[in-house]
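Presented below is the structure to which this report refers.
The values are calculated or read from the model by the stated rules, or taken from the named source; none is laboratory data. Quantities reported herein were computed from a predicted structural model and do not represent experimental measurements. Here Cβ is always computed from backbone atoms with ideal geometry, including for glycine, and neighbour counts include all displayed protein chains. Heads up: the accessible areas ignore ligands, DNA and RNA and are worked out on the full protein's heavy atoms, side chains in. Shrake-Rupley method; radii C 1.70, N 1.55, O 1.52, S 1.80 Å.
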Amino acid sequence: MINIEVCVDSIRSAKIAESAGVSRIELCTGLSVGGITPYYSLIEESLSVLHIPVHVLIRPRGGDFLYDDTDFCLIKRDIEFCGKSGCHGVVIGILTADGEVDIDRCAELISLAREYDLSVTFHRAFDCCCNLQKALEDVIGLGCDRILTSGGCSTAYQGMENIKQLVLLSDERIKIMAGAGITSNNIEKLIRKTGIKEIHGTFSSPVESNMKYKVQSLFSDQDYIQYFSDENILKEVVKISSYF
C-alpha cells in the first residue's frame, strides 16, 4: 500500500486532502520558502477538524539547516507543543556546517519527540547533505521513522535513480518517502522505478481571490492568487497509488 502525505498550509487544504482519501498531512506555513513551522492556532484547529494523522514541520525559519542556539531552543519548544497538543508526528532536520547530519542535536530532538510518542520524519535537509549514503546511515542510526527526499535533485522525478538506490540501501530499516515535483502524470513511473511506498507533495492549484477591489499599485495579480490542495488531482493520485 502506498501512503500519500499532503503538505498543506491551511485548514481548507487540509480538509480537501482528507476528503480525497490521503493517508496524512504535513502541516506548515511559508511554502514559498520551502515551509516553516505553522502557528499554534493552525495546529490546534487542524487536530480538531481532521481525522487523519497530522505531522507538523518543525523549521523555525527559511534558508539553510544550520541553526544557532536560539533556533534550537525554538525547535524544542515547538516539538513540546506538538506533543502536548496531540499531534501524530513531527518533521525535523538539522545539519552541520560541513553538510552532514547533526547527530547530537537531532538525537536530542528525537528523544524529546519520543517522550510524546511522536513519529519522526527527517525532512529534505537530507538532500542538502554532502554524502547521501552516509546521511542515510546516520538518520537510520538516530531512529527516525522516515526520510523525505528528492534523491538530492530538484525533483523526485529527476532523482529517481538516487531514490531507488536509497530504498535498496535502507533495506526496510527506514521508510523512504519521495517528494518534490510529483504529479499525477509521473507518480506511477516513480513508484515502479524506485519501489517507494510513501509519496509527499502539495498537489495544489491556484485559486483567485474573491476581492472585487484590488490595489494594483501595491500588489501584483499574483498577490491575489492563493494555492490550495486540488481534490481532483489528489483523487487521481490516490487512485493511481491504489494499484500498487
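When you filter the trypsin sites (Lys or Arg not before Pro) in the range 202-242 for DSSP loop state and at most 12 other Cβ atoms inside 10 Å of their Cβ, you are left with Lys212. Here the Gaussian network model covers the chain, with springs between Cα atoms less than 10 Å apart; of Ser170, Ser41, Ser150, Ser41 fluctuates the most.
With K and R counted +1 and D and E -1, the other residues having a Cβ less than 10 Å from that of Leu57 yield a net charge of -2. The GNM of the chain, with springs linking C-alpha atoms under 10 angstrom apart, assigns the highest mean-square fluctuation among Val22, Val90, Val215 to Val215. Placing dummy labels 7 Å off each Cα toward the beta-carbon, the span from Ser220 to Lys134 is 4.0 nm. Of the GluC sites (Glu not before Pro) found in the range 158-244, those that fall in a DSSP loop while having at most 10 other beta-carbon atoms within 10 Å are Glu172.
Toward the positive end of the charge dipole of the range 30-112, with +1 on the Cβ of Lys and Arg and -1 on the Cβ of Asp and Glu, the farthest Cα among Gly62, Cys106, Ile43 is that of Ile43.
So what is the 222 nm mean residue ellipticity for the chain from helices alone, if each DSSP H run of at least 4 adds -39500 (n - 2.57) and you divide by all residues, rounding to the nearest 500 deg cm²/dmol? About -11000 deg cm²/dmol. For Ser241, the shell of other residues with beta-carbons less than 12 Å away shows a net charge of 0, using +1 for Lys and Arg and -1 for Asp and Glu. Across the accessible surface of the chain, with the other protein chains kept in place and a 1.4 Å probe, carbon and sulfur atoms take up 48 percent.
Extension gain, Asp69 to Lys239: 0.36 nm times the residue separation minus the Cα-Cα distance gives 56.7 nm. The local environment of Lys175, defined by Cβ-Cβ distances under 10 Å, has a net charge of 0 under the rule Lys, Arg +1 and Asp, Glu -1.
DSSP beta bridges confined to the chain are antiparallel in about 20 percent of cases. Summed over the residues of the range 3-242 and divided among them, the accessible surface reaches 47 Å² per residue at a probe radius of 1.4 Å.
Cysteines of the chain lacking any other cysteine Cβ under 4.7 Å from their own Cβ: Cys7, Cys28, Cys73, Cys106, Cys128, Cys129, Cys130, Cys144, Cys153. Spatially close Lys pairs in the chain, defined by Cα atoms under 15 Å apart and a spacing of eight or more places or different chains, total 10.
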